[in-house]
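Q: Before I ask anything, let me first share the structure, which is written out below as structure tokens.
The values are calculated or read from the model by the stated rules, or taken from the named source; none is laboratory data. Quantities reported herein were computed from a predicted structural model and do not represent experimental measurements. Cβ: placed from backbone, ideal geometry, glycine included. Neighbour counts: every protein chain shown. Side chains included, ligands, DNA and RNA excluded: accessible areas come from the protein's heavy atoms. Shrake-Rupley method; radii C 1.70, N 1.55, O 1.52, S 1.80 Å.
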Amino acid sequence: MAITPRQAATAARKEQITRAAIALLAEQGYQATTFEAICKRAGLSSKRLITYHFSGKDELFAAVADQVVADSESFMQPSLAAATGPRDLLAAVIRANVAFIADHVPEVRALQQILLNGGTGAYERHHTEGLKRLARLFVDGQRAGVFRSFDPQVMAASLRASIDSTAPLLSAGHDPDTCANELADLYDRAVRPE
């Protein structure tokens, strides 16, 4: 089905608003990210252009979470597609996630602002699906005999928390390759057969 010019214009306007919200969340924080501020940042003539596309802040911030996740998946896909086997894929997941965090500090800060201010619902679906994908990776590695026996959901939650905890280090200028290599080595050792 072809996209109509109106659908394209609507999508472009929504992305313009979402990108402005990301920038404000990252630079000024949750409280300062008002519709008025977004309107000014996006160069819009009226807040009604925001409320036409988003019923409120919750819906807008859900769109911000969707955008950050879509950006991260697009960024990481080439690395994940090149991986061969569960051990290689585990290292690729870690390295690609850390690289995204390092290269997309505003997006990560925007998402953190939403989560720190009670917007977990905006991100929960993505977080849950991400944990399921990690758990499947661990199950696949166990079935292939390259990972030891452990609870895949616990390991998935641990890995996600470890990756997310690199954000403050990376924002402070810590070397992304060092973070990624340390985590990749740590989790490779954690999952290896005994």
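Q: Write out, first by first residue and then by second, each pair whose Cβ atoms fall under 7 Å of each other, whose residues are 6+ apart or on separate chains, and whose first residue, in segment 134-154, is of a type in the set (D, E, K, R) while the second is assigned to a helix (DSSP H, G or I).
A: From segment 134-154, the pairs are ASP140/PRO86; ARG148/VAL191.
Q: Now for a different question. Is it the case that THR18 is farther than 25 Å from ASP177 by Cα, in contact (Cβ under 8 Å) with a residue 24 or more places away in the chain, touching a Leu at 6+ places or on another chain (Cβ under 6 Å) and open to solvent by less than 40 Å² (accessible area, probe 1.4 Å)?
A: Answer is no for this residue.
Q: Tell me, please, whether a residue that is out of contact with any helix residue (DSSP H, G or I) (no Cβ under 8 Å at 6 or more places or on another chain), at pLDDT 90 or above, part of a helix (DSSP H, G or I) and open to solvent by 20 Å² or more (accessible area, probe 1.4 Å) can be found in segment 43-53.
A: Looking for residues that are out of contact with any helix residue (DSSP H, G or I) (no Cβ under 8 Å at 6 or more places or on another chain), at pLDDT 90 or above, part of a helix (DSSP H, G or I) and open to solvent by 20 Å² or more (accessible area, probe 1.4 Å), one finds at least one in segment 43-53, hence yes.
Q: In addition: So the check is Cβ under 7 Å with 6+ separation or different chains; which pairs have a first residue in segment 84-95 that's part of a helix (DSSP H, G or I) and a second one that's of a type in the set (S, T, N, Q) and open to solvent by 40 Å² or more (accessible area, probe 1.4 Å)?
A: Hits for this filter: ALA92/SER79; ARG95/SER79.
Q: On to the next question. Before we move on, is LEU60 at pLDDT 95 or above and part of a helix (DSSP H, G or I)?
A: no
Q: Here is a further query. Just to be sure I understand, how many residues within segment 119-165 are of a type in the set (Val, Ile, Thr) and open to solvent by less than 40 Å² (accessible area, probe 1.4 Å)?
A: Result for segment 119-165: 1.
Q: Now for a separate question. Which members of segment 1-34 meet the condition of being hydrophobic (A, V, I, L, M, F, W, C) and part of a helix (DSSP H, G or I)?
A: ALA8, ALA9, ALA11, ALA12, ILE17, ALA20, ALA21, ILE22, ALA23, LEU24, LEU25, ALA26
Q: Please specify each residue of segment 166-194 satisfying the condition of being more than 24 Å from PRO106 (Cα to Cα) and either among the aromatic types (Phe, Trp, Tyr) or surrounded by 18 or more Cβ atoms within 10 Å (Cβ to Cβ) (or both).
A: Passing the criteria: ALA184, TYR187, VAL191.
Q: Just one of the numbered conditions (1) under 16 Å from ASP71 (Cα atoms); (2) open to solvent by 70 Å² or more (accessible area, probe 1.4 Å); (3) modelled with pLDDT of 95 or more is not true of ILE101; which one?
A: With respect to (1) under 16 Å from ASP71 (Cα atoms); (2) open to solvent by 70 Å² or more (accessible area, probe 1.4 Å); (3) modelled with pLDDT of 95 or more, ILE101 is out only on (2).
Q: Something else about it: If we scan segment 176-189, do we find a residue that is farther than 27 Å from THR18 by Cβ and either under 14 Å from the mean Cα position of the chain (by Cα) or aromatic (Phe, Trp, Tyr) (or both)?
A: Scanning segment 176-189, I find at least one residue that is farther than 27 Å from THR18 by Cβ and either under 14 Å from the mean Cα position of the chain (by Cα) or aromatic (Phe, Trp, Tyr) (or both), so the answer is yes.
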